Number of protein chains: 2
Amino acid sequence: MSGMAKAAAASPARSAKSGDGAPRGGRRADAVRNRQHVLEVAQKVFAEAGLSAPIDEIAKRAGVGIGTVYRHFPTKEALFGAILQHHMEHIASHAEALLQKADAGAAVFDLLRTMARESHQKKDFIHALGGYPSGEVKTAKKRFVAAFEALVKRAQRARELRPDVTAEDVIMLSKSVFGSAEQDESTRERRLRVLFDGLRATAGAIKTARSRTKKASG
Amino acid sequence: MSGMAKAAAASPARSAKSGDGAPRGGRRADAVRNRQHVLEVAQKVFAEAGLSAPIDEIAKRAGVGIGTVYRHFPTKEALFGAILQHHMEHIASHAEALLQKADAGAAVFDLLRTMARESHQKKDFIHALGGYPSGEVKTAKKRFVAAFEALVKRAQRARELRPDVTAEDVIMLSKSVFGSAEQDESTRERRLRVLFDGLRATAGAIKTARSRTKKASG
DNA sequence: TCCAAATCGGAACCTCGACTCCGTTTACGA
DNA sequence: TCGTAAACGGAGTCGAGGTTCCGATTTGGA
């Protein structure tokens, strides 16, 4: 684990003409191209078949040999981790941007809706949100968690999100709307609506709803 | 698949002295005992380690040879299926019983709460609710689905459950509170509360909540 | 153009876990 | 007590998929 990161920065390089910001030492042009291509194909394959997709499949669809995949990513986990990290950073940035948005409640719900839409059909990525304490991914995850918690706290201060839930509760509860491949737009929206209504419920709204079914509960 | 069922009814039996209702042909006493024991241990092992638990592990913990496990259950899937079927029938009965309960809303929520409590730490069983179109399990599943849908419809007629959700929505949304191993009593309750509030939300309650964050959505 | 280092490709290797086979042991009716 | 069919145990088979290795190929500077 974390080996992938090493691979991206290793090799003393012939002339160390790094230049910009992209992670490429004195790598040969074809190697850089291949790495990127493998990453893209792997992303697609994992999204469709989940983490259990065989490496051979990825190599074949990327038009390279298995060896090439392994030279760029020491283990399957590293490859998956690189992709996961990418997703995580993407969503973390999104979350951070939403912190600028004025409407605190809408910000949280927008983020959840986006995640639901994007994670749709990205098998296992959501499940991987838990676990994965490895290097790069860990860092990206921390960034996301920090931003998300800020969003949640802010929405709670604004009284647009019930005060008795934690950021983790929100993520966990949303998971059910994330995965689940074959769910169309309307189904997803319907479920998000239920979830949001539950998350929005304020003391008043709750009491109102409760009184309607008082004798209930247990 | 469905092979397990066959195994339970196979072998012409020496004297066919079935008698009561238990599925045992003219089986030898030790065989009956072993089958039951394997089933119990397997249940425990699968609950802890999920479907990926190796058969060897089950055999070892049951104190029998691998061959014994396979004689009773032709495939791993059949073994898992037998257990799943058992769970499914159990919960189906529970659901059916709740149909007698006067309070329609409480009935649904009680069932969900029970499922959340019981499925706690039973890895993969919930996930297996989807899929699994094989024989015996299929039948048990249908029974559960029928009862559950009746419960949902009834609660909606009683206006204790929002009218715009399907039975599947309810199950899917609940899944997030089901799995997730290390969640203590209070965490589970908290999440159920959010979920129930969302499911309970009536047109009025929803509108009320919405107006509070109108400019939101997107 | 030429050459060495960097890459590549993919056969071969290994591990793991489901499932099979068969010699040995056990239950139980005669 | 005996004999035999039923059960048992677990070594061995088989396939899948991750990872390694190394000869062939390609890139890029001299």
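Key figures for this structure:
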read-out	value
Pick from the range B:100-128, criterion closer than 17 Å to B:ARG143 by Cα, in a helix (DSSP H, G or I) and away from chain A (no Cβ under 12 Å), ranking: nearest to DNA strand D (Cβ to nearest atom)	B:ALA128
Residues of the range B:75-89 classified as within 16 Å of DNA strand D (Cβ to nearest atom) and either surrounded by 16 or more Cβ atoms within 10 Å (Cβ to Cβ) or within 14 Å of chain A (Cβ to nearest Cβ) (or both), total	5
Options B:GLU96, B:GLU149; residue that is more than 14 Å from chain A (Cβ to nearest Cβ), surrounded by fewer than 21 Cβ atoms within 10 Å (Cβ to Cβ) and without any contact (Cβ under 8 Å) to a residue 24 or more places away in the chain	B:GLU149
In the range B:39-56, the residues that are part of a helix (DSSP H, G or I), under 18 Å from the mean Cα position of the chain (by Cα) and of a type outside the set (A, V, I, L, M, F, W, C)	B:GLU40, B:GLN43, B:LYS44, B:GLU48
Lone qualifier among B:THR208, B:THR213 - being under 24 Å from A:LEU192 (Cα atoms), at pLDDT below 70, buried (at least 20 other Cβ atoms within 10 Å of the Cβ) and of a type in the set (Val, Ile, Thr)	B:THR213
Qualifying position, being more than 15 Å from the chain's Cα centre (by Cα), part of a helix (DSSP H, G or I), modelled with pLDDT of 95 or more and away from DNA strand D (no atom under 14 Å from the Cβ), among A:ALA59, A:ALA92, A:ALA97	A:ALA97
A:VAL32 being surrounded by fewer than 17 Cβ atoms within 10 Å (Cβ to Cβ), within 16 Å of DNA strand C (Cβ to nearest atom), assigned to a helix (DSSP H, G or I) and aliphatic (A, V, I, L, M)	yes
Selection from the range B:168-190 of residues that are within 18 Å of A:PHE196 (Cα to Cα) and among the aliphatic types (A, V, I, L, M)	B:VAL170, B:ILE171, B:MET172, B:LEU173, B:VAL177
Qualifying residue in the range A:145-153 (condition: of a type in the set (Gly, Ala, Ser) and part of a loop (DSSP other than H, G, I, E, B))	no
Residue under evaluation A:ARG159, criteria (1) out of contact with any Leu (no Cβ under 9 Å at 6 or more places or on another chain); (2) within 23 Å of A:GLY130 (Cα to Cα), criterion not met	(2)
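The values are calculated or read from the model by the stated rules, or taken from the named source; none is laboratory data. This one's a predicted model, so the numbers in the text were calculated from it and none came from an experiment. Note: ideal-geometry Cβ built from the backbone for every residue, glycine included; neighbour counts use all protein chains shown.
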